[in-house]
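The values are calculated or read from the model by the stated rules, or taken from the named source; none is laboratory data. What you see is a predicted model; the values in this text were computed from it and never measured. With ideal geometry, Cβ positions are generated from the backbone for all residues, glycine too; neighbour counts draw on all protein chains shown.
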Amino acid sequence: VETALRRGSSSSHFLLRPFSSGSLPDRKVAILGAAGGIGQPLSLLLKLNPLVSSLSLYDIAGTPGVAADVSHINTRAEVAGYAGEDQLGKALEGSDVVIIPAGVPRKPGMTRDDLFNINAGIVKSLATAIAKYCPNALVNMISNPVNSTVPIAAEVFKKAGTYDEKKLFGVTTLDVLRAKTFYAAKAKVPVEEVNVPVVGGHAGITILPLFSQATPASNSLSHEDIKALTKRTQDGGTEVVEAKAGKGSATLSMAYAGAIFAEACLKGLNGVPDIIECSFVQSNITELPFFASKVRLGKNGVEEVLGLGPLSDFEKQGLESLKSELKSSIEKGIKFANEN
Ligand code: NAD
Ligand code: LMR
């Protein structure tokens, strides 16, 4: 069993491993917003993942087509499509992991917080259904603004009496992928060997890559280089929004990031040791109630929220300057959940 569980343990190569479900446990993954720009390629990537035995695709419309399409791929997961609110319960029942990319994306000139008015309500209603139909599932929140949607879901779960802080995750994996990609190119090191923790939150200056902890270490980067890499990572989402010029935000790289994070959650559930990813979770490593940092994943979700490690002076400054924005985004989410 252990061999089967460890199969393909390098997440960046998960598409390359041979398909075999062997003695892997059954795992149901639901995607809410599965017909969207992220939802469709994410559905494809999870259909390719042998850790998934059942793939449940939910959206307000369009999911029967997406489900029929990916279901013809000859891999383990049984696929079902559900459309419309009356099918949401069935889509969620028995889920081990629920991934939420439902909601509107940014257009040029918008901040992620500008999405709050629409997406907060969507997330609230989906979280209410999760509390009812699969209260034990691990929830991977992709919908923006993540700094507020995660606290919204937490409040909904608290009110329903189902909140388990170990099971709610804001997906910040795309920030990590960007930091790795940009660092590798600048430091001229092989991208597949690079690791960079990214902490804080998921919007602008709240995204804090810790390049002082990047591996392989580089001594060729100047302070100006590190400042530029930090800014590019913080503005990575905006770079894509502007390039798409009104046609949405990152979808393909986000689907890849979402698939990596979901796979880490599944491996943790399956008892694979030493699964560590950055994520925006309930935290006490700073004074803020939610914070992104490295977390160790296990059979119940978060096994341990890891500390920040040693920070450079530049990173210490970044940490202090992000706190007030992150605090108010968290509070905005909590207020919304309790007033609406
Ligand atoms: P999209 O508009 O292409 O797709 C969103 C999907 O959500 C649509 O299919 C829509 O029908 C569906 N939807 C709307 N209301 C719903 C509801 N109540 N229940 C179920 N589904 C519903 O958008 P997209 O590009 O896929 O982006 C989705 C979200 O992900 C946005 O909020 C975006 O900002 C966010 N995002 C987050 C990250 C991240 O790093 N966390 C990265 C990229 C995008
Ligand atoms: C991203 O980082 O790409 C997402 O949060 C989408 C966005 O609006 O930038």
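Considering only region 168-199, state which residues are crowded, with 24+ Cβ neighbours inside 10 Å, over 12 Å from the mean Cα position of the chain (by Cα) and not in a loop (DSSP other than H, G, I, E, B).
Answer for region 168-199, where residues must be crowded, with 24+ Cβ neighbours inside 10 Å, over 12 Å from the mean Cα position of the chain (by Cα) and not in a loop (DSSP other than H, G, I, E, B): Arg178, Ala179, Tyr183, Val198, Val199.
Has region 114-121 got at least one residue that is more than 16 Å from ligand 2 (Cβ to nearest atom), assigned to a helix (DSSP H, G or I), more than 17 Å from the chain's Cα centre (by Cα) and modelled with pLDDT of 95 or more?
For region 114-121, residues more than 16 Å from ligand 2 (Cβ to nearest atom), assigned to a helix (DSSP H, G or I), more than 17 Å from the chain's Cα centre (by Cα) and modelled with pLDDT of 95 or more: present.
Collect the residues in region 166-208 that are away from ligand 1 (no atom under 16 Å from the Cβ) and aliphatic (A, V, I, L, M), keeping them in residue-number order.
Residues satisfying the conditions are Ala184, Ala185, Ala187, Val189, Val191, Val194.
Can you find a residue in region 37-51 that is at pLDDT 95 or above, assigned to a strand (DSSP E or B) and not basic (Lys, Arg)? Break it down into steps so the answer makes sense when it comes.
As a first pass, look at region 37-51 and keep what is at pLDDT 95 or above: 37-51.
With the extra rule that they be assigned to a strand (DSSP E or B), the set shrinks to none.
Scanning region 37-51 turns up no residue that is at pLDDT 95 or above, assigned to a strand (DSSP E or B) and not basic (Lys, Arg).
Going residue by residue through region 62-75, is there one that turns out to be acidic (Asp, Glu), within 18 Å of Gly170 (Cα to Cα) and either within 21 Å of the chain's Cα centre (by Cα) or more than 8 Å from ligand 1 (Cβ to nearest atom) (or both)?
No; the residues of region 62-75 include none that is acidic (Asp, Glu), within 18 Å of Gly170 (Cα to Cα) and either within 21 Å of the chain's Cα centre (by Cα) or more than 8 Å from ligand 1 (Cβ to nearest atom) (or both).
Between residues in region 164-179 that are within 13 Å of Ala292 (Cα to Cα) and of a type in the set (D, E, K, R) and residues that are at pLDDT 95 or above and in a helix (DSSP H, G or I), which pairs lie under 6 Å by C-beta distance while being six or more apart or on different chains?
Pairs found: none.
In the list Ile205, Ile226, which residue meets the criterion of being touching an Asp or Glu at 6+ places or on another chain (Cβ under 7 Å), surrounded by fewer than 21 Cβ atoms within 10 Å (Cβ to Cβ) and touching a residue at least 60 places away in the same chain (Cβ under 8 Å)?
Going through Ile205, Ile226 in turn, just one is touching an Asp or Glu at 6+ places or on another chain (Cβ under 7 Å), surrounded by fewer than 21 Cβ atoms within 10 Å (Cβ to Cβ) and touching a residue at least 60 places away in the same chain (Cβ under 8 Å): Ile205.
Determine which single condition Lys247 fails, assuming it passes every other condition in (1) within 16 Å of ligand 1 (Cβ to nearest atom); (2) assigned to a helix (DSSP H, G or I); (3) surrounded by fewer than 21 Cβ atoms within 10 Å (Cβ to Cβ).
The failed condition is (2).
Can you name the residue in region 88-107 that is among the β-branched types (Val, Ile, Thr) and buried (at least 24 other Cβ atoms within 10 Å of the Cβ) and is also farthest from Gly121 (Cα to Cα) among such residues?
Looking at residues that are among the β-branched types (Val, Ile, Thr) and buried (at least 24 other Cβ atoms within 10 Å of the Cβ), I get Val97.
Which of the residues spanning region 60-76 are in contact with a strand residue (DSSP E or B) (Cβ under 6 Å, 6 or more places away or on another chain) and of a type outside the set (Val, Ile, Thr)?
Ala61, Pro64, Ala67, Ser71
For (1) within 16 Å of ligand 2 (Cβ to nearest atom); (2) within 28 Å of Ser95 (Cα to Cα), each residue gets a yes or a no:
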site: Asp225; (1), (2): no, no
site: Gln234; (1), (2): yes, no
site: Lys247; (1), (2): yes, no
site: Met254; (1), (2): yes, yes
site: Ala259; (1), (2): yes, yes
site: Phe280; (1), (2): yes, yes
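Being more than 11 Å from ligand 1 (Cβ to nearest atom) and not in a loop (DSSP other than H, G, I, E, B) is the filter; apply it to region 93-112 and report the residue that is farthest from Ala129 (Cα to Cα).
Applying the filter and picking the extreme gives Val97.
Do we have Ser143 as outside any helix (DSSP H, G or I) and crowded, with 24+ Cβ neighbours inside 10 Å here?
When the stated conditions are applied, Ser143 passes them.
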